[in-house]
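**Student:** Can you read through this structure? Questions will come right after.
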Amino acid sequence: MTSVIQAQFALMVEQLEKLLSQPVPEKRLVRVELPLPVIHLLGFLAAQDCCEKAFWRDREGDHAIATLGYSWSETLSCRQDLACALTNAHKLLSHLPEHGSSHCLCYLSFADDECSIWPAFGYGMVILPLLELVQTREGMVLGVNLRSDNALAYRSSIRKALGIIAALNYSQQLPEADFTFQLAGYQPDANVWNQLVGKARQAFASGVLDKVVLSRATCLKLEGHLSPFSLLYPWQQANPHSYQFLFQRQGQTFFGCSPERLVKRLENIISTEALAGTIVRGQNPLEDAQLESLLMSDGKNIHENRLVLDDICHRLQPLCQSLEADRSHSIVKLRHIQHLRYQIRGVLNHDVCDQQLLDVLHPTPAVGGAPREEAFSFIAANEPYARGLYAGVCGIVGIQKSDFSVAIRSARLADNLMLYSGAGIVEDSVADEEWSELDNKIATVLDILDRQQTGDIAVLSGQAGQRVDSKHNFAALS
């Protein structure tokens, strides 16, 4: 199989080298495509030394993109930059005859004030891959996107793509685990968390807020080498109906496995959801069903979910010819927790664009709160760390299709590993119970890390509701 893959890349080299001797096309973007055998995208990316790597996969498993190098990108400093960047992305993609199958990737921070942004990533970025491997239900394609604004840019793109291909390692093996970790602390810690929940309850009593989502960063000190690709793969295997995303910049990696869709657009048809309200999974099918029934009828969680549903519908209504939501909530089951969900569908008005959808939806009350601006202000004034890309947006932007996930169940790898989780606080919330919810939301990734650290290759064994064993004495710092 490796020889077939190498042969296709060699054929791509031949085509690119021919283009170097031909006139510069009139269009601003040229795409060269070849079919590839299906390969392990995360393993392939992990083997490469290229510093511009990204990965995205939809939660249905219909579309995955692994990228090496950028043909074009725009770094965003604030929310106001988004409209121009998405307009430029659409203009570029419109030059391709088969633009329906070509996409840019993007990520956005939770908020754009300076104290909320991670310097390595800025507010966000929109990326047109240079070299990409795209997997769909129809198979896998190797594509190269060449900017052709002028002769210099065009030939520079070709040479950059040739350089990436020349340096490829054709391994598809994920790196073996070679690390240990221990808990280094929380931001906020349990005492501060209790104070924040108390402040939120005061805001509810005064009528300032209906809901606010408070979050926590769990810092794990690492010794050795942890590959984000080797963590992301079993993470998604544990929660298969989730988005996967990974972006690298300035020596840091932001990655995750999110169950939550912000919005998906197929031409003018959109789908989104209200995902809020949480309970753990059971240790066996009977307990799991009992917990599901409890969640389905729990007043606090139903109220939290309805706040999200009502806000999303209110914001989308002006953009839609028609809009409908499920008549009742349903359950989404993940490895360690389960959520309440309402699904929402709509038909957009003529000329509504992706930027407008992101403006009205991001961030939803599921990760911010309600009312939006008041919740934003509360979070900015009280959370003791920068959320950065956590609870932001990761997705793909296209002419015919765009698909954006909410960047929850996510992590940031630099010198240490930061795991992020949040809990929706409403009037009836109890601080200790919400702290436990934060633990439950990172339980899957902690379980994987424990098993990789101890060399247990059966990473995914055990019951669906199995809790993480606290061999690192995580409770000691809570």
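The values are calculated or read from the model by the stated rules, or taken from the named source; none is laboratory data. This structure is a prediction, so every number in the text was calculated from the model and none was measured. Ideal geometry is used to build each Cβ from the backbone, glycine not excepted, and the neighbour counts take in all protein chains shown. Side chains are part of the model used for accessible areas, which takes the heavy atoms of the whole protein and leaves out ligands, DNA and RNA. Shrake-Rupley method; radii C 1.70, N 1.55, O 1.52, S 1.80 Å.
**Student:** Out of the residues in the stretch 23-42 meeting the condition of being β-branched (Val, Ile, Thr) and under 26 Å from the mean Cα position of the chain (by Cα), tell me which one is most open to solvent (accessible area, probe 1.4 Å).
**Tutor:** Step one: filter the stretch 23-42 for residues β-branched (Val, Ile, Thr), giving 24, 30, 32, 38-39.
This time we only want the ones that are under 26 Å from the mean Cα position of the chain (by Cα), so: 38-39.
Numbers: Val38: 89, Ile39: 10 Å².
Ranking the qualifying residues of the stretch 23-42, first place goes to Val38.
**Student:** Moving to a separate point now. Look through Ser109, Ser116, Ser94 and report the one residue that is touching a residue at least 40 places away in the same chain (Cβ under 8 Å), open to solvent by less than 10 Å² (accessible area, probe 1.4 Å) and not aromatic (Phe, Trp, Tyr).
**Tutor:** Working: Ser116 fails: open to solvent by less than 10 Å² (accessible area, probe 1.4 Å); Ser94 fails: open to solvent by less than 10 Å² (accessible area, probe 1.4 Å).
Going through Ser109, Ser116, Ser94 in turn, the sole match is Ser109.
**Student:** Same structure, new question: Can you tell me how many residues in the stretch 177-218 are outside any helix (DSSP H, G or I) and free of Cβ contacts under 8 Å to residues at least 24 places away in the same chain?
**Tutor:** Of all residues in the stretch 177-218, those outside any helix (DSSP H, G or I) come to 177-189, 206-218.
Narrowing further to those that are free of Cβ contacts under 8 Å to residues at least 24 places away in the same chain: 206-207.
Result for the stretch 177-218: 2.
**Student:** When you scan the stretch 163-182, do you find a residue that is open to solvent by less than 30 Å² (accessible area, probe 1.4 Å), at pLDDT 95 or above and within 23 Å of Glu74 (Cα to Cα), even just one?
**Tutor:** yes
**Student:** Of all the residues that make up the stretch 1-32, how many are in a helix (DSSP H, G or I) and not charged (D, E, K, R)?
**Tutor:** From the stretch 1-32, those in a helix (DSSP H, G or I) are 2-20; that's our starting set.
From the residues that got through so far, the ones that are not charged (D, E, K, R) too are 2-13, 15-16, 19-20.
Within the stretch 1-32, residues that are in a helix (DSSP H, G or I) and not charged (D, E, K, R) number 16.
**Student:** Which condition from (1) of a type in the set (Lys, Arg); (2) under 29 Å from His95 (Cα atoms); (3) under 26 Å from the mean Cα position of the chain (by Cα) is the one that Lys211 breaks?
**Tutor:** (2)
**Student:** Test each condition in (1) touching a helix residue (DSSP H, G or I) at 6+ places or on another chain (Cβ under 9 Å); (2) small (Gly, Ala, Ser); (3) on the phi > 0 side of the Ramachandran plot; (4) open to solvent by 20 Å² or more (accessible area, probe 1.4 Å) for Gly69 and report the one that comes out false.
**Tutor:** (4)
**Student:** Being in contact with a Pro (Cβ under 8 Å, 6 or more places away or on another chain), under 20 Å from Gln356 (Cβ atoms) and not β-branched (Val, Ile, Thr) is the filter here, so list the residues in the stretch 284-323 that pass it.
**Tutor:** Asp311
**Student:** Let me ask something else. Select from the stretch 219-268 the residues that are in contact with a helix residue (DSSP H, G or I) (Cβ under 7 Å, 6 or more places away or on another chain) and in a loop (DSSP other than H, G, I, E, B) and write down the one among them that is nearest to Trp435 (Cα to Cα).
**Tutor:** Among them, the one singled out is Asn239.
**Student:** Can you tell which of Asn88, Asn194 is more than 25 Å from the chain's Cα centre (by Cα) and either open to solvent by 10 Å² or more (accessible area, probe 1.4 Å) or of a type outside the set (A, V, I, L, M) (or both)?
**Tutor:** Values: Asn88 fails: more than 25 Å from the chain's Cα centre (by Cα).
So the residue among Asn88, Asn194 that is more than 25 Å from the chain's Cα centre (by Cα) and either open to solvent by 10 Å² or more (accessible area, probe 1.4 Å) or of a type outside the set (A, V, I, L, M) (or both) is Asn194.
**Student:** Against the definition (in contact (Cβ under 8 Å) with a residue 40 or more places away in the chain, within 14 Å of Leu358 (Cα to Cα) and not hydroxyl-bearing (Ser, Thr, Tyr)), how does Leu133 come out, yes or no? Break it down stepwise before answering.
**Tutor:** Numbers: in contact (Cβ under 8 Å) with a residue 40 or more places away in the chain: yes; within 14 Å of Leu358 (Cα to Cα): no; not hydroxyl-bearing (Ser, Thr, Tyr): yes.
The answer is no for Leu133.
**Student:** Considering the stretch 43-62 alone, what residues qualify as being over 12 Å from Ile127 (Cα atoms), open to solvent by 10 Å² or more (accessible area, probe 1.4 Å) and under 19 Å from the mean Cα position of the chain (by Cα)?
**Tutor:** Result: Ala46, Arg57, Arg59, Glu60, Gly61, Asp62.
**Student:** Still on this structure: Looking only at the stretch 416-441, count how many residues are basic (Lys, Arg) and surrounded by fewer than 22 Cβ atoms within 10 Å (Cβ to Cβ).
**Tutor:** Here is the first cut: in the stretch 416-441, the residues basic (Lys, Arg) are 441.
Keeping just the survivors that are surrounded by fewer than 22 Cβ atoms within 10 Å (Cβ to Cβ) gives none.
Of the residues in the stretch 416-441, 0 are basic (Lys, Arg) and surrounded by fewer than 22 Cβ atoms within 10 Å (Cβ to Cβ).
**Student:** Still on this model: Somewhere in the stretch 328-340, is a residue under 22 Å from Thr444 (Cβ atoms) and of a type in the set (S, T, N, Q)?
**Tutor:** yes
**Student:** A further question on this structure: Tell me the residue from Gln355, Gln343, Gln321, Gln283 that is in contact with a Gly (Cβ under 7 Å, 6 or more places away or on another chain) and not β-branched (Val, Ile, Thr), please. Please lay out each step first, then the result.
**Tutor:** Numbers: Gln355 fails: in contact with a Gly (Cβ under 7 Å, 6 or more places away or on another chain); Gln343 fails: in contact with a Gly (Cβ under 7 Å, 6 or more places away or on another chain); Gln321 fails: in contact with a Gly (Cβ under 7 Å, 6 or more places away or on another chain).
Going through Gln355, Gln343, Gln321, Gln283 in turn, just one is in contact with a Gly (Cβ under 7 Å, 6 or more places away or on another chain) and not β-branched (Val, Ile, Thr): Gln283.
**Student:** For the condition modelled with pLDDT under 95 and open to solvent by 20 Å² or more (accessible area, probe 1.4 Å), what is the one hit in Asp189, Asp149? So that I can check it myself, show each step before the final result.
**Tutor:** Values: Asp189 fails: modelled with pLDDT under 95.
Exactly one residue qualifies, and that residue is Asp149.
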